There are 2 protein chains.
Amino acid sequence: MEKTKLITPRKLKGFWELMPKEQMLFSSLLSKIEEVFKANCFVPLDTPVLEYSETLLAKSGGETDKQVFRFTKGDADMCMRYDLTVPLARFVAMHQNELNFPFKRFQIGKVYRGERPQKGRFREFYQCDADIIGDGELSLVADAECVNMFEQCFDALGLKTRIEVSNRKILSGFIEEIGQNDHMTDILIVLDKLDKIPLEEAMQELSEIGLKSEECEKIIKLTKTSGKIEEIMQNLRNFCQNQLFQIGLEELQELDTYLKSLGSTSVTYNLSVIRGHNYYTGTVFEGFLKNRKEAVGGGGRFENLCSYFSDKKMPGVGMSVGITRLFDLLLSDGYFDISKTSEIDVAIINFDETLADGLKVMQTLRKNGVKAEVFSENKSFKSKMKEANKRQVKYVLIVGSDEVKSQKFALKDMESGEQISLTIEEIIKKIQY
Amino acid sequence: MEKTKLITPRKLKGFWELMPKEQMLFSSLLSKIEEVFKANCFVPLDTPVLEYSETLLAKSGGETDKQVFRFTKGDADMCMRYDLTVPLARFVAMHQNELNFPFKRFQIGKVYRGERPQKGRFREFYQCDADIIGDGELSLVADAECVNMFEQCFDALGLKTRIEVSNRKILSGFIEEIGQNDHMTDILIVLDKLDKIPLEEAMQELSEIGLKSEECEKIIKLTKTSGKIEEIMQNLRNFCQNQLFQIGLEELQELDTYLKSLGSTSVTYNLSVIRGHNYYTGTVFEGFLKNRKEAVGGGGRFENLCSYFSDKKMPGVGMSVGITRLFDLLLSDGYFDISKTSEIDVAIINFDETLADGLKVMQTLRKNGVKAEVFSENKSFKSKMKEANKRQVKYVLIVGSDEVKSQKFALKDMESGEQISLTIEEIIKKIQY
């Protein structure tokens, strides 16, 4: 028979794939976040990875977006989802008469961006989204729940974070007040990069947009306002009498009351939080690791989720943890001790005549939550010990004929080198606790 | 401003999507299976949904397979994965020098088939796969672990199943013995449908392939052999002296010994288990719900996982639960009580002045594992009670000013109608246990 030509195994560029230990750690982060979502009474949703292009590109009027993986099959023109929000909008619009509102759903899933691969940017990555959608109206309590749950996510991961909150109505109200409504987006784009460019450059850009010199100063001062809610209120109550501005302030204060009831402790207020997305209209927030400047997630309030699919007004508020990026930051910060991560707690070393006994001991340990593994490949004692070492197993358990007779087994702590003789029950107790 | 034309929200045909309650149930099945995989020391793997077409279609020599979603982006020709095995092979071949062997990995993920949608067949569905890959060699203990873990999966779901096991070497050995090696696949195809077509038709097809009348009878008798291991051995030990046949029998007996050590109780042996895939070469098994004829998963031993990517021989054994199909069967069998599935255990009904108190109570309950939800939308008491009913909430908890003062809250059991006054601690105790 002719030998088949071998194909070089390659992964697509820009696609994330972890080695087993990293994947174990990453999966445990996902589980912890999922637990938080469930504990807060959010229901899971699992939409298809593919959608009709018409649906997914509704916003852009159906034009091909270069950043989207799009193709046709039969007569269907489809795309891979680039976020979890448009599929949510499609789902809510389709099922608006069957769902309970406020509809609280979470979705943890991969999304796809067709952009050119570059460092720190992936073409396939996870999003952990949770949103609350109202039917016509939605209380500010929902905003507080999202901010608080965002905080709970980081608490569950054992991470020290600060969460910075603002309300888009405040800046928008001020921009309205100075008659620059038509340049809203341009102005927000400048303000969004205040911490990245020199002040003079920002002033210059704002004045090019059409702001007077004192307006530039005032809006920069406004954007740089931060602190506790009392400080915000004291500094801004008389800053601008515009109605939208004042509503924004009131909402911020109301939100703070709810956050206190919910027990939030990591929240401060910072008017520089803008969040790029155009669709945020009220509360906006971002989370930061203590030692980092890049946000690792955030969210906010939007006016109408389903505007492209339905006449019904469906306001919402959501939060998202940028888990792929967060994991990368944690990895490079040395947050995980990968050398101590092993899929096995106890390596069981048996001899030919005690294989059946070794398997029985293994099952008993596993049933009691101890990750035990019989090294069943036909190798010498020495090479099995070497293997246990290489795999960073915590304990080795020796199951020989004598041990089977006495039902006491030699347990060796691979770090300290200590070896003691114990019954199965004692072993379980020692390792479980 | 001109009104945007609305787009009808549609899901792609043949793509599975569950409503929240069904999704809660489905997710809990997935979690239970994942727990089983982890308890058995399998590590998670999460390969990209997209692969180079060259990789994914290695088997077919790179020809486009109509059942695959394939497209190009830039200069990359790629496909959505149609199973989790080829990506595993690509991963193992890429990392063969970094991985620990036997490499035990699980992957729970969606796979894609571009075929025309039809009832019971989906274009996107889940696979729950676990495989053990050896480096050059792999003990039969691995086969036993896979069969046993397959059983554990169904146990974890509380399902009564029977697991039927065979070894492909037995049938192959017999076919070799009668000199029909060249027609191996054709013969197996006929034998695989013995329970679906009349006996005469099977005999006819076999004789057309070239089997003599007594060979037909003998191979059908062989295929219909089933029972405990002792019965199999007694009936078949002298059935055929072909070496492969005898090795198959020995392996089956050895497997049975390991399965007994591992505590398996749902296994019987049945030579009619063939499993379509060409690549199975030894142990094969399938699982059936007690009342059903369609398999809900299975697996087996294969000779070489990475033959298209590497010269190294990597034997493996795997198992897969057909969770999407299983869930559909369970739904139609009434296995779930969907009317009793709710994302909320306790609906908290507060009044305007007690919203903050309601939120505090809610957080305390949630922190103690009780799924509590404040109905915070600005509605009347009556309409909140109606909402609680509609959402099949088990309890309603009333948080009014008097309750806040006394710290005793009225808890109403929505099924029995009983209402009692309890402290938060008492409520937690009542609902947790």
Practice problem: Go over the candidates B:108, B:163 one by one and state the one that is of a type in the set (Val, Ile, Thr), under 30 Å from residue B:243 (Cα atoms) and at pLDDT 95 or above. | Solution: B:163
Quiz item: In this structure, is residue B:317 within 14 Å of chain A (Cβ to nearest Cβ) and part of a strand (DSSP E or B)?
Solution: yes
Practice problem: Give the number of residues within segment B:29-57 that are farther than 30 Å from residue B:337 by Cβ and not in a strand (DSSP E or B). | Solution: 12
Practice problem: Would you point out the residue of segment A:186-218, among those that are hydrophobic (A, V, I, L, M, F, W, C) and either within 32 Å of the chain's Cα centre (by Cα) or not assigned by TED's automatic domain parsing to the domain that holds residue A:242 (or both), that is surrounded by the most Cβ atoms within 10 Å (Cβ to Cβ)? | Solution: A:187
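Test residue A:98 against the stated conditions and say whether it is in contact (Cβ under 8 Å) with a residue 24 or more places away in the chain, more than 18 Å from the chain's Cα centre (by Cα) and either facing another protein chain (nearest Cβ under 10 Å) or in a loop (DSSP other than H, G, I, E, B) (or both). I'd like the intermediate steps shown before the answer.
Working: in contact (Cβ under 8 Å) with a residue 24 or more places away in the chain: no; more than 18 Å from the chain's Cα centre (by Cα): yes; either facing another protein chain (nearest Cβ under 10 Å) or in a loop (DSSP other than H, G, I, E, B) (or both): yes.
Considered against the rule, which asks whether it is in contact (Cβ under 8 Å) with a residue 24 or more places away in the chain, more than 18 Å from the chain's Cα centre (by Cα) and either facing another protein chain (nearest Cβ under 10 Å) or in a loop (DSSP other than H, G, I, E, B) (or both), residue A:98 comes out as no.
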Quiz prompt | Enumerated strands (runs of 3 or more DSSP E) restricted to segment B:251-308, each holding at least 2 residues that are surrounded by 16 or more Cβ atoms within 10 Å (Cβ to Cβ), of a type in the set (Gly, Ala, Ser) and touching a Lys or Arg at 6+ places or on another chain (Cβ under 9 Å) | solution = B:280-289, B:295-302
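Looking for whichever is polar (S, T, N, Q), over 19 Å from residue A:150 (Cα atoms) and either crowded, with 18+ Cβ neighbours inside 10 Å or touching a residue at least 60 places away in the same chain (Cβ under 8 Å) (or both) here; the options are A:85, A:47. Which one fits?
Working: A:85 fails: over 19 Å from residue A:150 (Cα atoms).
Unique residue meeting the criteria: A:47.
Results for (1) crowded, with 20+ Cβ neighbours inside 10 Å; (2) more than 22 Å from residue B:25 (Cβ to Cβ), shown as yes or no for each residue.
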{"residue": "B:97", "(1), (2)": "no, yes"}
{"residue": "B:100", "(1), (2)": "no, yes"}
{"residue": "B:145", "(1), (2)": "yes, yes"}
{"residue": "B:150", "(1), (2)": "yes, no"}
{"residue": "B:160", "(1), (2)": "no, no"}
{"residue": "B:164", "(1), (2)": "yes, yes"}
{"residue": "B:173", "(1), (2)": "yes, yes"}
{"residue": "B:180", "(1), (2)": "no, yes"}
Quiz item: Do we find that residue A:230 is more than 22 Å from the chain's Cα centre (by Cα), surrounded by fewer than 18 Cβ atoms within 10 Å (Cβ to Cβ) and under 30 Å from residue B:360 (Cβ atoms) in this structure?
Solution: yes
Quiz item: Just one of A:364, A:341, A:324 is at pLDDT 95 or above and surrounded by fewer than 21 Cβ atoms within 10 Å (Cβ to Cβ); which is it?
Solution: A:364
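With the condition kept exactly as written, say whether any residue in segment A:190-197 is without any contact (Cβ under 8 Å) to a residue 40 or more places away in the chain and hydrophobic (A, V, I, L, M, F, W, C). Lay out the reasoning, then the answer.
Filtering segment A:190-197 down to residues without any contact (Cβ under 8 Å) to a residue 40 or more places away in the chain leaves A:190, A:193, A:196-197.
From what's left, hydrophobic (A, V, I, L, M, F, W, C): A:190, A:197.
Yes, some residue in segment A:190-197 is without any contact (Cβ under 8 Å) to a residue 40 or more places away in the chain and hydrophobic (A, V, I, L, M, F, W, C).
Kindly provide the set of residues from segment A:330-351 that are of a type outside the set (Ser, Thr, Tyr) and within 12 Å of chain B (Cβ to nearest Cβ), ordered by number.
Within segment A:330-351, the first condition is being of a type outside the set (Ser, Thr, Tyr), and the residues that meet it are A:330-331, A:333-334, A:336-338, A:340, A:343-351.
Result: A:343, A:344, A:345, A:346, A:347, A:348, A:350.
Quick grid of which residues meet (1) modelled with pLDDT of 95 or more; (2) buried (at least 18 other Cβ atoms within 10 Å of the Cβ):
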{"site": "B:377", "(1), (2)": "no, yes"}
{"site": "B:380", "(1), (2)": "no, no"}
{"site": "B:411", "(1), (2)": "yes, yes"}
{"site": "B:422", "(1), (2)": "yes, no"}
{"site": "B:432", "(1), (2)": "no, no"}
Practice problem: Take segment A:101-126 and flag every residue that is of a type in the set (A, V, I, L, M, F, W, C) and either in contact with a Cys (Cβ under 9 Å, 6 or more places away or on another chain) or part of a strand (DSSP E or B) (or both). | Solution: A:103, A:106, A:108, A:111, A:125
Quiz item: Is it true that some residue in segment B:11-28 is more than 9 Å from chain A (Cβ to nearest Cβ) and in a loop (DSSP other than H, G, I, E, B)?
Solution: yes
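The values are calculated or read from the model by the stated rules, or taken from the named source; none is laboratory data. All values derive from a computational prediction rather than experimental measurement. Backbone-built Cβ (ideal geometry, glycine too); neighbour counts: all protein chains shown.
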